[in-house]
1. Please give the Cα centre distance for region 86-131 versus region 1-55, rounded to the nearest Å.
2. How high is the relative contact order of the chain? Use alpha-carbon pairs under 8 Å, at least six apart in sequence, and give a whole percent.
3. Taking the Cα atoms only, what angle lies between the long axis of helix 14-25 and the longest principal axis of the chain, rounded to 10 degrees?
4. Rounded to the nearest 0.05, what FRET efficiency do residue 19 and residue 112 give with R0 = 25 Å and r taken as the Cβ-Cβ distance? Could you check?
5. For helix 83-92, what angle does its Cα long axis make with the longest principal axis of the chain, in degrees from 0 to 90 and rounded to 10?
6. With both bridge residues required to lie in the chain, what share of the DSSP beta bridges run antiparallel, to the nearest 5%?
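The numbers here are math on the coordinates, done by the rules we state, and not lab data. Just so it is clear, the model here is predicted, and its values are computed rather than measured. Cβ coordinates were reconstructed from backbone atoms using ideal geometry, including for glycine residues, and neighbour counts include every protein chain displayed.
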């Protein structure tokens with residue numbers, strides 16, 4: 001079975017995107033431009049001994065779709081330990097709610113947000129008591 005092993009986020013303002021994702025999720029960034037052959041930041045989402053994937057951040061090569069025209073990329077969902085605290089940090093960092101928190105009954109809390117670049121991402125907190 002195929003699994004996601006890497007993700008990329010395109011941004012109008014790469015430094016603004018780095019600040020946003022660093023503030024919300026504690027992600028760090030490494031300059032991988034030499035390896036990539038163009039401006040490219042590796043996204044380190046956590047320690048290598050924890051389950052998860054890393055990704056990349058790059059300058060958006062074309063304009064993003066206008067609001068309500070759909071997405072132009074995969075939507076990645078990030079597992080979190082505290083949904084409400086993570087949402088607070090998202091909003092404090094300037095993100096917006098795309099689809100509000102909802103219970104995946106008996107499994108988790110799930111919601112979707114827009115970053116400062118207009119990209120959609122999800123957050124997911126496992127909770128067998130979610131109703």
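1. Distance between centres, Cα-based: 19 Å.
2. 23 percent
3. The answer is roughly 30 degrees.
4. Taking R0 as 25 Å, the efficiency between residue 19 and residue 112 is 0.75.
5. 40 degrees
6. Approximately 70 percent, going by the DSSP bridge assignments.
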